[in-house]
Amino acid sequence: MGQLEDMALFIRIVDAGSITKAAEQLGLAKSAVSRRLKDLELRLGVQLISRTTRKSNVTESGAEYYRRAKTILDEVSLLNEQTSGSPMLIEGTLKLTAPLSFGLMHLNSVIHDYANLNPNLRFELDFTDRNVDLIEEGFELAIRIGNLQDSSYQAQRLTIIRSVICASPDYLSQNGIPNTLEDLTAHHVLQYSLSQSHDLALTDEQGQQHLVSTHSKMMANNGDFLLDMAVRGHGIVALPTFIAYQKLKSQALIPVLQQFQLPTLNAYAVYPQNKFLSKRCRALIELIAERFGDHPYWDNDCGIAKNISLKT
């Protein structure tokens, strides 16, 4: 192994938090990773990581080596891309995490096309709604929806995420169509259990905001389940249009209270701060942003896009 490879291995150990996790991410035996770290320390003549039976800590020398090694490797990667005489081959492993429903419903065709364009590229995809720690779990890229709060990550906006309040025709015929916020409080509401608030935040046509407390008949941590329950007539639901659009288009769900607007969110591509973003990630981000844009296809012809502000 060369010096750059040893630098990359050490960075992976530090980012992963342990030799064991780094070995798992690299698909290597723990003993092999430990041996390469020891060889690097012997060659440098300093201890980079202090190891005990219970934990490992980066030494002062190790922290400085980590910082400068990251800078060197990022510069090497950038230099290779900028000076290549031909389009650089996109290869390696793209390890991506994305929200479950959004990933399964809308990333399939993008990944399909991207894989066909780059046959030497390998994919490791994790579709989940949990907040994945990119560094600890070895992901280089995440798709996230909502307001970003973690300053250790960088983000690029991909598309707007709109939401709609809707219910099935059968439910509305049996329980009435809500025309006011007061009407809504009398209805059964299906809610997303991972939401920070169980109240609905709505904005009227004059721009005034309202917080509506509702009666939750069902709560679940998956939008597809809530969609199905709404179609089956169990209540009114507020869902992202990227989940509800097909049922809205077929009129299996009917929009209600369209004079009020739910908060709009954004989908972002997220990656660790101060880390060189590989060409395989940058090219995928560009493809997703181009494919969806500010007028994503799921908002077309579903009866609600014209009533929803495009402001973010």
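Scanning the range 1-24 for residues that are at pLDDT 85 or above, of a type outside the set (Lys, Arg), closer than 18 Å to residue 133 by Cβ and assigned to a helix (DSSP H, G or I) gives 11, 13, 14, 19, 20, 22, 23, 24. Among the residues of the range 25-78, those that are in a helix (DSSP H, G or I) and either of a type in the set (Lys, Arg) or in contact with a Lys or Arg (Cβ under 6 Å, 6 or more places away or on another chain) (or both) comprise 30, 35, 36, 38, 43, 67, 68, 70.
Take the conditions (1) in the same structural domain as residue 189 (by TED's automatic domain parsing); (2) in a helix (DSSP H, G or I); (3) of a type in the set (A, V, I, L, M, F, W, C); residue 289 misses just one of them, which is (1).
Here residue 213 passes the criteria (1) farther than 30 Å from residue 287 by Cβ; (2) of a type in the set (Gly, Ala, Ser); (3) touching a strand residue (DSSP E or B) at 6+ places or on another chain (Cβ under 7 Å) except the one numbered (3). Can you tell me which of (1) buried (at least 21 other Cβ atoms within 10 Å of the Cβ); (2) under 20 Å from residue 100 (Cα atoms) is the one residue 222 doesn't meet? Answer for residue 222: the failing condition is (1).
Total residues in the range 1-16 satisfying the condition of being over 20 Å from residue 44 (Cα atoms) and surrounded by fewer than 16 Cβ atoms within 10 Å (Cβ to Cβ): the figure is 0. Is it fair to say residue 236 is at negative phi and either in the same structural domain as residue 146 (by TED's automatic domain parsing) or touching a Gly at 6+ places or on another chain (Cβ under 8 Å) (or both)? Answer is no for this residue. All of 241, 264 fail the test of being within 26 Å of residue 111 (Cα to Cα), buried (at least 19 other Cβ atoms within 10 Å of the Cβ), under 23 Å from the mean Cα position of the chain (by Cα) and among the polar types (S, T, N, Q), apart from 241.
Scanning the range 175-228 for residues that are over 21 Å from residue 244 (Cβ atoms) and either assigned by TED's automatic domain parsing to the domain that holds residue 103 or assigned to a helix (DSSP H, G or I) (or both) gives a single hit, 182.
Against the conditions (1) touching a strand residue (DSSP E or B) at 6+ places or on another chain (Cβ under 7 Å); (2) of a type outside the set (Phe, Trp, Tyr); (3) within 22 Å of residue 237 (Cβ to Cβ); (4) without any contact (Cβ under 8 Å) to a residue 40 or more places away in the chain, residue 184 satisfies every one except (4).
Of the residues that sit in the range 21-32 and are more than 19 Å from residue 124 (Cβ to Cβ) and of a type outside the set (Lys, Arg), which one is nearest to the chain's Cα centre (by Cα)? Among those residues, the one meeting the criterion is 29. Within the range 292-312, the set of residues being over 21 Å from residue 114 (Cα atoms), at pLDDT 80 or above and part of a helix (DSSP H, G or I) comprises just one member, 299.
Table: residues versus (1) out of contact with any Phe, Trp or Tyr (no Cβ under 7 Å at 6 or more places or on another chain); (2) closer than 18 Å to residue 137 by Cα; (3) of a type in the set (Val, Ile, Thr).
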residue: 8; (1), (2), (3): yes, yes, no
residue: 18; (1), (2), (3): yes, yes, no
residue: 24; (1), (2), (3): yes, yes, no
residue: 35; (1), (2), (3): yes, no, no
residue: 45; (1), (2), (3): yes, no, no
residue: 58; (1), (2), (3): no, no, yes
residue: 68; (1), (2), (3): yes, no, no
residue: 75; (1), (2), (3): yes, no, no
residue: 79; (1), (2), (3): yes, no, no
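When the range 109-123 is filtered for residues that are out of contact with any Asp or Glu (no Cβ under 8 Å at 6 or more places or on another chain) and surrounded by 13 or more Cβ atoms within 10 Å (Cβ to Cβ), the ones remaining, listed by number, are 110, 111, 114, 115, 123. All conditions in (1) in a strand (DSSP E or B); (2) under 12 Å from the mean Cα position of the chain (by Cα) hold for residue 102, with the sole exception of (1).
If you go through the range 121-139 one residue at a time, do you hit one that is more than 21 Å from residue 265 (Cβ to Cβ), in a helix (DSSP H, G or I), in the same structural domain as residue 282 (by TED's automatic domain parsing) and charged (D, E, K, R)? Among the residues of the range 121-139, at least one is more than 21 Å from residue 265 (Cβ to Cβ), in a helix (DSSP H, G or I), in the same structural domain as residue 282 (by TED's automatic domain parsing) and charged (D, E, K, R), which makes the answer yes.
The values are calculated or read from the model by the stated rules, or taken from the named source; none is laboratory data. Model, not experiment: these values are computed from the prediction. Ideal geometry is used to build each Cβ from the backbone, glycine not excepted, and the neighbour counts take in all protein chains shown.
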